[in-house]
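The structure appears right after this line, and notes come after that.
The values are calculated or read from the model by the stated rules, or taken from the named source; none is laboratory data. Values in this document were obtained by computation on a predicted structure and should not be read as measured data. Note that we place each Cβ from the backbone using ideal geometry, even for glycine, and neighbour counts take in every protein chain shown.
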Amino acid sequence: MGRNLAVVVGVVMLLVGGLWTFQGLGYIGGSVMSGSTTWAIIGPVVAGLGVALVIVGVQRRE
């Protein structure tokens, strides 16, 4: 169960991080986060952590 949970949480972090990145860069409008450099930095960090979590979840042996 822990392995599947890690992969699911990692994928969600990857998607949210991507969304935040595109909002921060101004590609997606309609939010306070749109065009904000802060979110253009936080987004890739969250996405990268999500990728790492997916890798750990896939490689983990139970």
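How many of the residues in segment 7-62 are among the aliphatic types (A, V, I, L, M) and outside any helix (DSSP H, G or I)? Counting residues in segment 7-62 that are among the aliphatic types (A, V, I, L, M) and outside any helix (DSSP H, G or I) gives 4.
GLY10 satisfies every condition listed in (1) under 16 Å from the mean Cα position of the chain (by Cα); (2) free of Cβ contacts under 8 Å to residues at least 40 places away in the same chain except (2). In segment 6-33, which residue that is at pLDDT below 90 and either of a type in the set (Lys, Arg) or at negative phi (or both) is surrounded by the most Cβ atoms within 10 Å (Cβ to Cβ)? The residue in question is MET33. Whenever a residue of segment 34-62 is at negative phi and loosely packed, with under 15 Cβ neighbours inside 10 Å, its partners that are among the charged types (D, E, K, R) and assigned to a helix (DSSP H, G or I), lying with C-beta atoms within less than 8 angstrom and at least six residues away or across chains, give the pairs VAL58/ARG3; ARG60/ARG3; GLU62/ARG3.
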